[in-house]
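The values are calculated or read from the model by the stated rules, or taken from the named source; none is laboratory data. These numbers were taken from a predicted model, which means no experiment stands behind them. Heads up, the Cβs are rebuilt from the backbone with ideal geometry, glycines too, and the neighbour counts pull from every protein chain shown. Keep in mind that these areas ignore ligands, DNA and RNA; they rest on the heavy atoms of the full protein, side chains included. Shrake-Rupley method; radii C 1.70, N 1.55, O 1.52, S 1.80 Å.
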Amino acid sequence: MPKRAEKPELAKAYDASKVEDGIYRRWEKSGYFDPDKLPNGKKRTPFTIVLPPPNATGVLHVGHATMLAIEDLMIRYKRMRGFAALWVPGTDHASIATQNKVEKLIQEKEKKSRHDLGRKEFLKRVEAFVKGSQDTIRNQVRKMGSSIDWSREAYTLDAPRSEAVIEMFNRMYEDGLVYRGERVVNWCVRCTSTLADDEVEYKEQNAKLYFLKYGPFSVATTRPETKLGDTAVAANPSDERYKEWIGKSFELDWGKGTKPLTIRVIGDHEVDPKFGSGLVGVTPAHSAVDFRMAEKNKLPIIKVIGEDGRMLETAGKYAGMTVLEARHAFVKDLEAQGLIEKVEELTNNLSACYRCSTAIEPLTSLQWFVDVNKKIPGRGKSLKELSLEAVKRGGVKIIPERFEKVYFHWMENLRDWCVSRQIWFGHRIPAWYCADRHVTVARKAPKKCGQCGKKELTQDGDTFDTWFSSGTWTFTTLGWPKAMKGGKKTGDLKRFHPTSVLETGYDILFFWVARMILMTTYALKEVPFKTVYLHGLVRDEQGRKMSKSLGNVLDPLDVIPKYGTDAVRLSLVLGTAPGADAKVWDEKIAGYRNFTNKLWNVSRFILTSVSKVRREPKKPPAKTLADRWILARLEAVTAQASAHIERYEFSPAGELLRDFSWTELADWYLEIAKIQMQDPKLRASTEKVLLHALENVLKLWHPYMPFVTEAIWDLLAGNAKGKKFLMIESWPKAAKKPAPAPKEFALMQDIIAAIRNIRSEYKVEPAKRVDATIVAGLKAKLLKDNAAVIRTLARTENLTILAKGEKPKDAASAMVGGIEIHLPLAGMVDMAKERARLEKEKANLEGFVKGLEAKLANKGYTDNAPKEVVEKTRAMLAEKKEELKKIEAALGS
């Protein structure tokens, strides 16, 4: 028998602000966030999640809060199930985003650019900014109650990650998967850097489609200024209009001040014969599609737009102009020469930088690329093929499943990945150049050129795409490459990798998830995680995306002091589904704050009502029907909630627990327990059931509401010998097929509900007790045994239970499963006054019904009114007819 605690002092209302910080400090001090320090930690089966590292650019937003709530739920659940639950934290240096942020701050405060400061000083400023941001992020992660292993915290730009990135690049280079070459990239003029395809956003815009006289042809384009760099014109080989031209060349002269171009006619199946004239001008230097055509057809490449967004010397008289200036001038000159046939208005997508919204310029640039299609030496498959296989063969499961098609589409169309960025903040590319521009790739600074032996070398000034380093996150945080000994994994890498689940937003499926699969299957020959759980975007009550301009941004740290962390967590998890956007607003969080307080009050009642507070871990014997019912329901809910969580159905599990806690436990069993505890013979057994139910409800809710459940647990466990934190207690066990709840209790609930309904229909005051007669047949004994419960919960004065009997005169009646329930109206209501009220209500309803019927009989209304309005009228008519029927029945009784 565990040691019994004295009765605790409990406040009437739960005040989260007084307990949350203290509880978190105790959790962290215990060391139990580290799976190695858990009881039997080394013997436990691992369960691993790596935190998607928030950008080190400032504060966490509501999307991060959703991520933290869901991941902590999984970690706490698995820890209680006996797993070595490891949750690895960290932050992402987010190269472009962070550099832009710091540049903006310096410009605002000092009116200086990064070039004014120089690389060394600028990077010092960035590092100082990142350090402050990381402290803020750590505090926010703690505020959300995240049981994360801080001892394993990582940063994508720290020394171990830098070593890993250099090692990864060198291995890829040695395998021939990395090359430096001139290819068309997405260039941001503002950031003066390349962007990956999935870092480009598309904004719909109104544009003009110019039909140009193009030698002997007509060509349509939305960007006439790029035609100064054309080297071919393409037609679909099946297009009869141009078949005889394919393979021939002609000279194209755009007029004075430009150099004539030699244009070859080529065939390409990518050309749409139905668009424009069916011909497309090929500009290899400024279109990825055209660049591929140029490679295939060995076309010359003429670059006419520079990295500063201005026209180059190759553009002739338009050199030095911005793109838009050149377009305006060139079109004006073409019009003067009669070379524009017509102009049409159209809507198209403008490519823009995802960070600064500047229009993207596709242009050729000398960059470092990862070849995704080349076969890996000794493996016979490309990076793209390995990444596709990982999901197709079930190594990685994506939830919801519909996103697997999205993943396949993106991966199948993946082009060589440009991994170099022209920014200062990030992992510097480990490549060095001699005066002859020979390149040497190495793990550390070489003493001489690997090709010519020259000793004066300069390191490449570019840095890696941030996704190159974050793509290695699952295994570098667990010790790679140092944890590889003799080609085998050791330490954390061996124990915790592959990780169990990656939980993240669906919006970075391509940015990050796909790259992690690509990098891990290459480096470790295994998947980075077994399951990907995608959550959606968080929107406001009207379904709008949260934005500062709309004034609807919900900051978790602003609402936590008001409602408590548990309420915020519940609002982000309940009512949501994987891959679907969720709505969160102030009143929703307030509703869950009320539920948190409800759980506190249920616990307060139990802990202050029992003779002595103590734990009841074992299922106690049931002495009454209500005992049998609540214990059966508890076991069923435990089994169902566990099954839901195992299937990543977090909202259904939470909704099930909420209904059980609020309705079944609080509204039914607690009210019955108050009656049973008046009976000296039932008091002890009822206390055991109450304490057992509370103990298990706290465990079931803990992954969702860690703070309030830990606070109550502290009171329940008291000074019991061997007392542990709730977060390391064992998850409640339930039979695989729990026994069904007794049907007799459901019958009793229905009888009580029927009496309450009659009272409500006749508007009997809640405090007033009424007489009731129940003709129950074979169920008479059952109901007599539970008469005290029916009498109290239905608020009856004289309760008569008969096996047989007649309906009393002037009684309102109901039938429940063949059992007759009669409530004599005399004394319950003023008969004459009630009849007058009902007659008046009947007359009003009859007039209303006639009016609706006339409206719907009017063809002018049903034909011309909006369909939804007509349907609303029909629904209202049906509703009012049903009300009329009830009133007529009441008058008849």
**Request:** Largest first and in whole Å, give the semi-axes of segment 831-893's equivalent ellipsoid, each being the square root of 5 times a Cα gyration tensor eigenvalue.
**Result:** 30, 10, 7
**Message:** Keeping every protein chain present and rolling a 1.4 Å probe, give me the accessible area per residue for segment 329-394 in Å².
**Reply:** 48
**Fill in**
Computed, not fitted: 222 nm per-residue ellipticity of the chain from DSSP H runs ≥ 4 (each -39500 (n - 2.57)), nearest 500, equal to -13000 deg cm²/dmol
**Rh by Kirkwood over Cα pairs, then Stokes-Einstein D for segment 316-473 at 1.306 mPa s and 10 °C, µm²/s** = 77
**Hull volume in cubic angstrom per residue (convex hull over the Cα atoms of segment 529-570)** = 124
**Request:** Find, to one decimal place in angstroms, the Kirkwood hydrodynamic radius of the chain, where the mean of 1/r is taken over every pair of different Cα atoms and then inverted.
**Result:** 33.3
**Cα gyration tensor shape for segment 188-235, rounded if a/c is under 1.5, else prolate or oblate** = prolate
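For the chain, with all protein chains present and a 1.4 Å probe, just round the carbon and sulfur fraction of the accessible area to a whole percent.
51
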**Prompt:** Using only Cα atoms, what Kirkwood radius does segment 119-162 have, in angstroms?
**Reply:** 12.1
**Share of pairwise Cα separations in segment 678-835, more than 25 Å, in percent** = 52
**Message:** Could you tell me the relative contact order of segment 390-532? Use alpha-carbon pairs under 8 Å, at least six residues apart, and round to a whole percent.
**Reply:** 26
**Prompt:** Hey, what did segment 483-609 get for relative contact order, percent, Cα under 8 Å, at least 6 apart?
**Reply:** 22
**Prompt:** In µm²/s, what is D for segment 155-313 at 4 °C and 1.567 mPa s, where D = kT/(6 pi eta Rh) by Stokes-Einstein and Rh is the Kirkwood radius from Cα pairs?
**Reply:** 71
**Asked** If segment 571-702 were replaced by its equivalent ellipsoid, with semi-axes equal to the square roots of 5 times the Cα gyration tensor eigenvalues, what would those be, largest first, whole Å?
**Response** 30, 16, 11
**Message:** As an exercise, take the mean of 1/r over every pair of distinct alpha carbons in segment 441-596, invert it, and state the Kirkwood radius in angstroms.
**Reply:** 19.5
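Using only the Cα atoms, work out Rg/Rh for segment 219-264, with Rh taken as the Kirkwood radius, to two decimals. It would help to have the intermediate numbers written out before the result.
Values: Rg = 12.0 Å, Rh = 12.0 Å.
Looking at segment 219-264, the ratio lands at 1.01.
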**Item:** Amide proton proximity set for S193, modelled H, under 5 Å, gap of 5+
**Value:** C188
**Message:** A 22 angstrom limit on the alpha carbon distance is what I want to check against. Which of K612/K733; K29/K78; K448/K488 exceed it?
**Reply:** K612/K733; K448/K488
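Could you rank K274, K203, K12 by how accessible they are, 1.4 Å probe, largest area first?
I get K274, K12, K203, largest accessible area first.
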**Message:** With +1 assigned to the C-beta of every Lys and Arg and -1 to the C-beta of every Asp and Glu, and no other charges, what is the dipole magnitude of segment 635-734 about the Cα centre in debye, to the nearest 20?
**Reply:** 460
**Message:** How large is the direction-averaged shadow of the alpha-carbon convex hull of segment 585-636, in nm²?
**Reply:** 5.3
**Global form of segment 511-609, assessed from the alpha-carbon gyration tensor, a/c cut-off 1.5** = oblate
**Complete:** Using alpha-carbon coordinates alone, the radius of gyration and Dmax of segment 38-172 in Å work out to 18.1, 59
**Prompt:** From the square roots a ≥ b ≥ c of the eigenvalues of the alpha-carbon gyration tensor of segment 126-218, which class results: rounded (a/c under 1.5), prolate (a/b over b/c), or oblate?
**Reply:** oblate
**Message:** Let me check against my output: what whole-number percent is the relative contact order of the chain, with C-alpha pairs under 8 Å and at least 6 apart?
**Reply:** 13
**Asked** For S382, which sequence-distant residues (separation of 5 or more, or a different chain) have an amide H within less than 5 Å of its own amide H, given hydrogens modelled in the peptide plane?
**Response** I376
**Charge-dipole axis of segment 70-187 as Lys and Arg at +1 and Asp and Glu at -1 on Cβ define it, positive-most pick from F129, N170, A154** = F129
**Asked** Measuring with a 1.4 Å probe in the full set of protein chains, what accessible area per residue, in whole Å², belongs to segment 814-868?
**Response** 64
**Percent of C-alpha pairs per 10 Å bin, segment 408-510, short to long** = 13, 27, 32, 22, 6
**Message:** I'd like to check one number: the per residue accessible area of segment 44-147, probe 1.4 Å, reported in Å² as a whole number.
**Reply:** 35
**Fill in**
For segment 1-111, the percent of all C-alpha pairs falling in each 5 Å bin, from 0 up to the bin holding the max distance, is 2, 9, 12, 14, 15, 14, 11, 10, 6, 3, 2, 1, 1, 0, 0
